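Q: Right, I'll just put the structure down here and ask away after.
The values are calculated or read from the model by the stated rules, or taken from the named source; none is laboratory data. Worth saying up front: this structure is predicted, and the values here are computed from it rather than measured. Here Cβ is always computed from backbone atoms with ideal geometry, including for glycine, and neighbour counts include all displayed protein chains.
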Amino acid sequence: MAVATPGLFRRFARNRAALLGLVILVAVIALALAAPTLYPRNPLRIVGPAELWPLQDPRFPLGTDSIGRNIAAIIAHGARATLLIGLFASLTATLIGVTIGSVAAWFGGWVDELLMRFTEMFQVVPGLVFVLTIVSILGGTVQNITIAVGVVSWTGIARLTRAEFLTLRDREFVQACRAMGMPDWRIVLAEVLPNALPPVIVLSSLAVASAILFESAVSFLGLGDPQVASWGRLVGEGRTLIRSSWYISAVPGVAIMLMVLALNLIGDGLNDALNPKLRNR
Amino acid sequence: MLRLLRRRLLQGVPLILGVIIMNFLLIQAAPGSFLDVMSAESQVSDPAMLEQLRVTYGMDQPVWLQLVKYIWSVARLDFGFSYRQNMPVLDVILASLPATLVLMLASLLIALLLGVTAGVVAAVKVNTIWDNLLSFLAVLFFAAPSFWLGIMLTVLFAVKLGWVPVGGMMSITASNQGIVATVLDVLHHLALPAMALGLFYAAVYARVMRAAMLEVLSLDFIRTARAKGLGRWRVVLAHGLRNALLPIVTLFGLQFGTVLGGSIVVETVFSWPGLGSLMLDSVSSRNYPVVLGVLVFSSIVVILVNIAVDLAYLRLDPRIRAR
Amino acid sequence: MAGLDVRGLSVSLFTRGGVLPALSEVSLSVQPGRTLALVGESGCGKSMTALAIMRLLPEPPARIIAGKVMLGDTDLAALPERRMLGVRGKAVSMIFQDPMSSLNPVVPVGQQIMEVLRRHENLSGSAARTRAAELLTLVGIPDAEARLDEYPHRLSGGMCQRVMIAIAIACRPAVLVADEPTTALDVTVQAQILELLKRLQAETGMALLLITHDLGVVAEMADEVAVMYAGRVVEQGPVDAIFAAPLHPYTRGLLGATPSGGTAGRHTRLADIPGSVPSLAELPAGCAFAPRCKLAHAACTAQPPLKAEAPGHLAACFAALGVPAHAA
């Protein structure tokens, strides 16, 4: 109920940087959706001469890579993988975080204590080391990477959800629901959760950005799925040719940076729009 | 202070225990026998020796007993044996640690210097062109993947300009030219990787520092300092900075783990012979004892760093000391 | 020693919504050894006046657009910032409303006192420390030497205000601006702090500009009173004359309905006046108090000048001309 406050979009849109982020995000989503139409065949097949610089041949606007694959096609298809992994990793993190945070706050006592220690445990494990461990043991499939990134990204969301729940738990409207005899699970799902979500959404949107960075790092290290077109992997493959054709690494890196930049700007914009108190900072 | 140290160390024990148990569960979750890979790695094919390994690793025993044994061995800092390096895992890790620590410290130093300076300037010159420019740079470096930044820095400073080497930690000839030459040589090699890793955190610190400084500069005691006749920069540095640094100190502890993770990627870019290169090599070769050893070891390091940060905070903020 | 003479000081806020007149032609003067109380409801421009004198206005949006702040022969309003740095904390000092938050929480109080001594008196480390301990003793803090190393959160509000006063008087200023120095303190502590200010003033002969909304404090401390409303001085005169025969309807409202000159008036806080202070963006033309004034008439749509109604007693009101004060 608090999510769709009127004027939210207007407040968001007044922030020009956030609007720019939204434009970039929409453009990347459009590119991802159009990828099968633009480049219907496998983006990882060889289509032309190797190491062709961008803007040389209209068929390959972003050039070709070390073995003659179309970089533009890899970027377009890579956008799909990047967006999907980012989105689902963030969803995983949000699901785990909200569940643990709300359970800890709602039940309190030893449940809270235990779950918070559990959260701390995941805070001290270096995220990328954990993701690489999972990838090494379970294999670098898209699903494994997504879940592993989700599993290292939920602690902040859990803490925030817990804090929100703790302040909401004792509010009048929750007390009123209790007095009316509403069961706990309905109070949590219908009354407390919707009110706790707005700040959590901000964190989730920022988690998409960090998930994309995680994924690109794993792919860059060559531990991702070799069958899937990926921005990070292309940066890694271009590395050996930085003397002659540094654009192979540069182009997909710019794509990652723009994507992460856009998500961060949107997250900041959402934060400002959802927390009007802090807007003028 | 000692009481806090003891309490925090005691709180760290269940955390480490948790990480070890998680580690153990990961081993159990591995598809195919852990031993298959191990034996392939150490080129053991004789069934008798395989059986020997099974017994050595206690894999013929019930799961809970294996867990207890695993915890007991890690408690004695025994992370197992790496056949690849033919050394105990702990020795392998300790051999790679110094290089990583050097890289991390250099990166954090760069991050602190650049980030704090940029944050302070942006806050003092708030809403000016300087603020906009610095904030823009911060947003940009906050979004740039460190491995990509590393490659771009290499293209510019190593390949095009030739100022610094493309990778490695020291020249082959450096070791026999005396200590000063060696240190300079390492610094020469360190410049790019430290920048690649440090600029991201510089961006993080700049953002936090700007916000913290803006908040501090609006507080009453800043007005008092100005009423004493202190100049603007003196007010900012003597009264603002000390207070605004507190959130940075917290962040430093919280992010130590991610810096460690970041160094893995950057080390790969620059062939820096640290924990990251070791981790990547071990992941690629499925050298599980080392992978899991790095995981437990780095978690312990993060816990210890956070305890150190808590103690530092105690020194920096007298109000906490009172509690 | 020089007194402070503010002449026609005007400050505007340059906001996105337009230029707002925060202070209009404020004129005040305090002689050495004397105390001027500046009174009025919150938002009337008292603190703004103090900050303008100190040149500590939040710039932007605020800016001095006219007037002089004379300290002896020097116009502080026209001094370049670099020379003003040598004046603040030396010739003119200021203490603030909330002593706890006015001290830096992470620096021992001794260092905060020594800082101003180093800045203006060129005292070295140990000499500054000795002098800081003397100052703490002077402001009535026992065991001064040990207190130097305390952090502000270990001291009470009253103690913190004493430290603030020690910082303010460290360089024997000609003028001390005290912005509601006792508002945040307990009643008994308030009296002690006022007593301390009086004693220090008697010893040093400094001029005191005391900002307050507490008429009890005014009666206790002031020689002269200036009443402010919506960024203007509306009445000014000797404390006895103001209490005995307030000329401006606003002053009368402040003093309450009690018979003029009665002691009851001296110990009441600002009485409730119907209506509220208009925002700077919506100041009416002419007298800003007119919308709340029972005596307002057609002439009040013009700005009444601040005129002497009796020797040394000024008021800015057309109604004050026709209606004798004691008859209201």
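Q: Return the residue satisfying two criteria in turn: it lies in the stretch A:221-248 and is facing chain B (nearest Cβ under 7 Å) and surrounded by fewer than 24 Cβ atoms within 10 Å (Cβ to Cβ), and of such residues it is nearest to the chain's Cα centre (by Cα).
A: So the residue we want is A:L223.
Q: Then there is this: Would you point out which residue out of B:V166, B:V159 is over 28 Å from A:L206 (Cα atoms) and part of a helix (DSSP H, G or I)?
A: None of the other options fit; the residue is B:V159.
Q: Hey, among B:L114, B:L109, B:L161, which residue is under 22 Å from the mean Cα position of the chain (by Cα) and surrounded by fewer than 21 Cβ atoms within 10 Å (Cβ to Cβ)?
A: Of the residues listed, the single one that is under 22 Å from the mean Cα position of the chain (by Cα) and surrounded by fewer than 21 Cβ atoms within 10 Å (Cβ to Cβ) is B:L109.
Q: Output the number of the condition that A:G97 fails; it satisfies all remaining conditions of (1) out of contact with any Gly (no Cβ under 8 Å at 6 or more places or on another chain); (2) in a helix (DSSP H, G or I).
A: Of everything listed in (1) out of contact with any Gly (no Cβ under 8 Å at 6 or more places or on another chain); (2) in a helix (DSSP H, G or I), A:G97 misses just condition (1).
Q: Looking at A:R178, A:R171, A:R233, A:R243, can you tell me which residue is among the basic types (K, R) and modelled with pLDDT of 85 or more?
A: Among A:R178, A:R171, A:R233, A:R243, only A:R233 is among the basic types (K, R) and modelled with pLDDT of 85 or more.
Q: Do we have A:L87 as free of Cβ contacts under 8 Å to residues at least 40 places away in the same chain, surrounded by fewer than 18 Cβ atoms within 10 Å (Cβ to Cβ) and under 28 Å from A:S210 (Cα atoms) here?
A: Considered against the rule, which asks whether it is free of Cβ contacts under 8 Å to residues at least 40 places away in the same chain, surrounded by fewer than 18 Cβ atoms within 10 Å (Cβ to Cβ) and under 28 Å from A:S210 (Cα atoms), A:L87 comes out as no.
Q: I'd like the residue in the stretch B:274-303 that is more than 10 Å from chain A (Cβ to nearest Cβ) and either over 18 Å from the mean Cα position of the chain (by Cα) or surrounded by fewer than 18 Cβ atoms within 10 Å (Cβ to Cβ) (or both) and, out of all such residues, is modelled with the lowest pLDDT.
A: Ranking the candidates gives B:P289 first.
Q: Can I ask one more? Of the residues A:L193, A:L114, A:L166, A:L189, only one is surrounded by fewer than 18 Cβ atoms within 10 Å (Cβ to Cβ), within 11 Å of chain B (Cβ to nearest Cβ) and more than 23 Å from A:R80 (Cα to Cα); which?
A: None of the others qualify; the one that does is A:L114.
Q: Tally up the residues in the stretch A:138-168 that are of a type outside the set (G, A, S), within 27 Å of A:L189 (Cα to Cα) and not in a helix (DSSP H, G or I), please.
A: 1
Q: Among C:R118, C:R88, which is the only one that is touching a strand residue (DSSP E or B) at 6+ places or on another chain (Cβ under 9 Å), within 12 Å of chain B (Cβ to nearest Cβ) and under 21 Å from B:L237 (Cα atoms)?
A: Every option except C:R88 fails the conditions.
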